Amino acid sequence: MSSAEADVLCGDCIEHACANQVVPSNGELICRHHDNGVECEPACHAGFDFAISPADKYFCDYNDGVWTPAALWPVRDCACTFIATMYSIMALL
């Protein structure tokens, strides 16, 4: 993708090579835009957690559009958490 293709004006936003953010199901990416790229922190909604731990932060450079750490991208979906209590165990019996 050329830089001209990556910098397409769309209303109030500018699409760039890092626009391919994959938001996890039952979660979100909290992103901050910098001069040279985007930094995102993954988070799960209440009652959900990551079954596979993600990186604490991800970064995408505007020049190449590559998210790092690449081995952990895209962020996996958040799964429902369940804490067994004595009452829930007894209810199953």
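What pairs come up if the first residue lies in region 26-46 and is more than 17 Å from Leu72 (Cα to Cα) and assigned to a strand (DSSP E or B), the second is hydroxyl-bearing (Ser, Thr, Tyr) and modelled with pLDDT under 95, and their beta carbons are under 9 Å apart, counting only those six or more places apart or on different chains?
If the second residue must be hydroxyl-bearing (Ser, Thr, Tyr) and modelled with pLDDT under 95, the pairs left are Gly37/Tyr62.
Is region 14-21 home to any residue that is under 10 Å from the mean Cα position of the chain (by Cα), buried (at least 16 other Cβ atoms within 10 Å of the Cβ) and either modelled with pLDDT of 90 or more or assigned to a loop (DSSP other than H, G, I, E, B) (or both)?
For region 14-21, residues under 10 Å from the mean Cα position of the chain (by Cα), buried (at least 16 other Cβ atoms within 10 Å of the Cβ) and either modelled with pLDDT of 90 or more or assigned to a loop (DSSP other than H, G, I, E, B) (or both): absent.
How many residues are of a type outside the set (Ser, Thr, Tyr), modelled with pLDDT under 95, on the phi < 0 side of the Ramachandran plot and in a loop (DSSP other than H, G, I, E, B) when one looks only at region 55-76?
Residues in region 55-76 being of a type outside the set (Ser, Thr, Tyr), modelled with pLDDT under 95, on the phi < 0 side of the Ramachandran plot and in a loop (DSSP other than H, G, I, E, B): 7 in total.
If I ask for residues that are surrounded by 15 or more Cβ atoms within 10 Å (Cβ to Cβ), under 14 Å from Ala19 (Cβ atoms), out of contact with any helix residue (DSSP H, G or I) (no Cβ under 8 Å at 6 or more places or on another chain) and not acidic (Asp, Glu), which ones from region 32-72 would you list?
Matches in region 32-72: Gly37, Val38, Cys40, Cys60, Trp67.
Would you please list the contacts, defined by Cβ atoms under 9 Å and residues six or more apart or on different chains, that run from a residue in region 50-61 that is more than 18 Å from Glu39 (Cα to Cα) to a residue that is assigned to a loop (DSSP other than H, G, I, E, B) and of a type in the set (D, E, K, R)?
What qualifies is Phe50/Arg76; Phe50/Asp77; Ala51/Arg76; Ala51/Asp77; Ile52/Arg76.
The values are calculated or read from the model by the stated rules, or taken from the named source; none is laboratory data. None of the values given here were measured: they were computed from a predicted structure. Glycine gets a Cβ as well: all are built from the backbone with ideal geometry, and neighbour counts include every protein chain shown.
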